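Inspection log for the structure reproduced underneath, given as structure tokens.
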Amino acid sequence: MLEIKRLKIIAKTSAGDYGVDIPFENGLFILRVENTHGKSTCMNAIAYALGMEKSLGLADVKLPFPPSLTKEIEDEDGIEMPVISSLVLLEIGDGLGKVATIKRQILGGGAEENIAHVYPATINNFEVTIPQKLFLHREGDTTRDLGFYHWLSKFVGWDLPTVPTIDGREAPLYPAVFF
């Protein structure tokens, strides 16, 4: 079982950090805010952290985020500041008490496309643990030990069905297909 436990989105500027930190409780969670206040950004951030951004129908768009995470952010006084770096942290659980924090860089900070850093800890404690650097959106990401989808399916206990590939082999179904 996949539990979404906490989402943290951070945009770093020369004036400091901006973003959101949302803890999720068990059961139904409703995010209700005014239009243009980040509901879609939060949903896209969860998908991005889980490597599911291509399932959002944004295959031609590199990042599913607004300019406030990729270009510039406006402070309370209307002053625009360039975003130096931005990232998503997603704390997940397996339904049995095990937790992990997934970190994916959006911009700057040595952003590596198609890499997820997985920490065996909560968001509060992730920085004191050593991450596993896992690849995604490349061949073998569902079957190899360093593949993100391989790790994710093992972590949450998914037994991914196999499907035929274009060259006649069998491979596990990509989680983004059912996401």
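Observations on the structure shown:
- Selection over segment 2-26 of residues that are at positive phi and surrounded by 10 or more Cβ atoms within 10 Å (Cβ to Cβ) gives a count of 1.
- Note on segment 93-124: residues that are touching a Gly at 6+ places or on another chain (Cβ under 9 Å) and open to solvent by 10 Å² or more (accessible area, probe 1.4 Å) total 5.
- Screening Lys71 on (1) in contact (Cβ under 8 Å) with a residue 40 or more places away in the chain; (2) open to solvent by 20 Å² or more (accessible area, probe 1.4 Å) shows it passes everything except condition (1).
- Residue-level check: of (1) under 15 Å from Tyr48 (Cβ atoms); (2) open to solvent by 80 Å² or more (accessible area, probe 1.4 Å); (3) not acidic (Asp, Glu), Arg138 misses just (1).
- Near pairs, Cβ below 7 angstrom, 6+ apart or cross-chain, from segment 143-167 (outside any loop (DSSP other than H, G, I, E, B)) to any residue that is hydroxyl-bearing (Ser, Thr, Tyr): Tyr149/Thr142; Tyr149/Tyr174; His150/Thr142; His150/Thr143
- Failed item, numbered, when Phe29 is tested on (1) under 16 Å from the mean Cα position of the chain (by Cα); (2) exposed (fewer than 15 other Cβ atoms within 10 Å of the Cβ); (3) under 26 Å from Gly157 (Cα atoms); (4) not polar (S, T, N, Q): (1)
- Every test in (1) open to solvent by less than 50 Å² (accessible area, probe 1.4 Å); (2) assigned to a strand (DSSP E or B); (3) touching a helix residue (DSSP H, G or I) at 6+ places or on another chain (Cβ under 9 Å); (4) more than 25 Å from Arg138 (Cβ to Cβ) is passed by Met81 save one, and that test is (3).
- Of the residues examined, Gly51 is not one that is surrounded by fewer than 21 Cβ atoms within 10 Å (Cβ to Cβ), farther than 23 Å from Ala15 by Cβ and either in contact (Cβ under 8 Å) with a residue 12 or more places away in the chain or touching a Pro at 6+ places or on another chain (Cβ under 7 Å) (or both).
- Some residue of segment 56-68 being part of a loop (DSSP other than H, G, I, E, B), in contact with a strand residue (DSSP E or B) (Cβ under 7 Å, 6 or more places away or on another chain), of a type outside the set (Asp, Glu) and closer than 27 Å to Met1 by Cβ: no
- Among the candidates Leu63, Leu90, the residue that is out of contact with any His (no Cβ under 8 Å at 6 or more places or on another chain), closer than 17 Å to Ile102 by Cβ, in contact (Cβ under 8 Å) with a residue 24 or more places away in the chain and open to solvent by less than 30 Å² (accessible area, probe 1.4 Å) is uniquely Leu90.
Residue-by-condition table, conditions (1) more than 21 Å from Asp21 (Cα to Cα); (2) of a type in the set (Gly, Ala, Ser):
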{"site": "Ile102", "(1), (2)": "no, no"}
{"site": "Ala116", "(1), (2)": "no, yes"}
{"site": "Glu127", "(1), (2)": "no, no"}
{"site": "Asp145", "(1), (2)": "yes, no"}
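The values are calculated or read from the model by the stated rules, or taken from the named source; none is laboratory data. Small disclaimer: the values here were computed from a predicted structure and weren't measured. A quick note on method: Cβ atoms are made from the backbone with ideal geometry, for glycine too, and the neighbour counts reach across all protein chains shown. For accessibility, only protein heavy atoms count, side chains too; no ligands or nucleic acids. Shrake-Rupley method; radii C 1.70, N 1.55, O 1.52, S 1.80 Å.
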